1. On the given criteria, is residue 127 on the phi > 0 side of the Ramachandran plot and in a loop (DSSP other than H, G, I, E, B)?
2. I need the full set of residues from region 19-38 which are free of Cβ contacts under 8 Å to residues at least 60 places away in the same chain and buried (at least 17 other Cβ atoms within 10 Å of the Cβ), in order please.
3. Which number in (1) away from the ligand (no atom under 13 Å from the Cβ); (2) under 20 Å from the mean Cα position of the chain (by Cα); (3) over 18 Å from residue 64 (Cα atoms); (4) surrounded by fewer than 19 Cβ atoms within 10 Å (Cβ to Cβ) marks the one condition that residue 158 misses?
4. Residue 80 - would you say it is crowded, with 21+ Cβ neighbours inside 10 Å, in a strand (DSSP E or B) and within 15 Å of the ligand (Cβ to nearest atom)?
5. Could you grab me the full set of residues in region 24-51 that are within 14 Å of the ligand (Cβ to nearest atom), touching a helix residue (DSSP H, G or I) at 6+ places or on another chain (Cβ under 6 Å) and not in a strand (DSSP E or B)?
6. Filter region 104-123 for residues that are in contact with a helix residue (DSSP H, G or I) (Cβ under 7 Å, 6 or more places away or on another chain) and assigned to a loop (DSSP other than H, G, I, E, B) and give the result.
7. Within region 88-103, can you find the residues that are buried (at least 19 other Cβ atoms within 10 Å of the Cβ) and either in contact with a helix residue (DSSP H, G or I) (Cβ under 7 Å, 6 or more places away or on another chain) or in contact (Cβ under 8 Å) with a residue 60 or more places away in the chain (or both)?
8. For region 10-23, what are the residues that are part of a loop (DSSP other than H, G, I, E, B) and within 14 Å of the ligand (Cβ to nearest atom)?
Ligand code: NAP
């Protein structure tokens, strides 16, 4: 079993540490507020007074602090960098692809192997068979310690040697989640304004879900294949979407609801119309998203 140095014993850190202990790994844990590291001693962890002491004792060092600013402040201390030399550093603090790449470069420059992870779960799912944690960076180190990573999340995966890929995928998947959550907020505001029971709405949403999922799948395939102009298989044109979206914005204005949802997304449809895409597929909006 592997000896691990762990920096961070917050909600997520504590769940990760407990799962590593359950998998029979030895864990030396440091936390800014020492009581939280002490509390993990009851589960078999060894609390350490400083991050360098946690790192010195270990073969692998895992970090899970609030953000990269907090993480950098610890990792870049000369004593910590020295203790990490020749070891594997696994960064499980959430960040952007840019911060992941900067930390990966810093680690390489200091003789430290690096994996940047993105946790696609809440603390209560850590250790689950279906839980996903994405890793990018050193493939050789991911392969070597795959059993350890699978103990933290059964569906964990290596996604590429570019340090930023795990974090980029995290943002992409969160975009999908927020699309749904913001859509729910807008839908319930309409229901409330129009005296429609939430349960009534939820019932029809269940019935509509197959159509929504089908349209989403069709959109992905069309963007992937570059089939964004209107054709016989187009489910609804930009003109049809714009018309329905206009009704939504009218209702929101009439009922005095917050227009943020319509304002944020309506501009994309208007841009497509201004550029003559009224008869084209919804997929044509990808042209205005700024990607390559
Ligand atoms: P949390 O419970 O607030 O824990 C934050 C941790 O960061 C604590 O150990 C805290 O130490 C430490 N910390 C904060 N500021 C610090 C500083 N300036 N210097 C040193 N240590 C500092 O947050 P969490 O939910 O565990 O989240 C931790 C990371 O996991 C974040 O990057 C988060 O985005 C990521 N994550 C969380 C979830 C989730 O569902 N919770 C899901 C996916 C990813 P103290 O105990 O001393 O305050």
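1. Numbers: on the phi > 0 side of the Ramachandran plot: yes; in a loop (DSSP other than H, G, I, E, B): yes.
For residue 127, the condition - on the phi > 0 side of the Ramachandran plot and in a loop (DSSP other than H, G, I, E, B) - is met.
2. 21, 26, 27, 28, 29, 30, 31, 36, 37, listed by residue number.
3. The number of the failed condition is (4).
4. No, not satisfied.
5. 31, 40, 45, 48, 51
6. Residues satisfying the conditions are 110, 112, 120.
7. Going residue by residue through region 88-103, those that are buried (at least 19 other Cβ atoms within 10 Å of the Cβ) are 88-95, 97, 99-101, 103.
Once the filter is applied, which keeps residues that are buried (at least 19 other Cβ atoms within 10 Å of the Cβ) and either in contact with a helix residue (DSSP H, G or I) (Cβ under 7 Å, 6 or more places away or on another chain) or in contact (Cβ under 8 Å) with a residue 60 or more places away in the chain (or both), region 88-103 yields 88, 89, 91, 92, 93, 94, 95, 97, 99, 100, 101, 103.
8. Within region 10-23, just 10 meets the criteria.
The values are calculated or read from the model by the stated rules, or taken from the named source; none is laboratory data. Values in this document were obtained by computation on a predicted structure and should not be read as measured data. Counting neighbours? That spans all protein chains shown, and the Cβs are built from the backbone with ideal geometry, glycine included.
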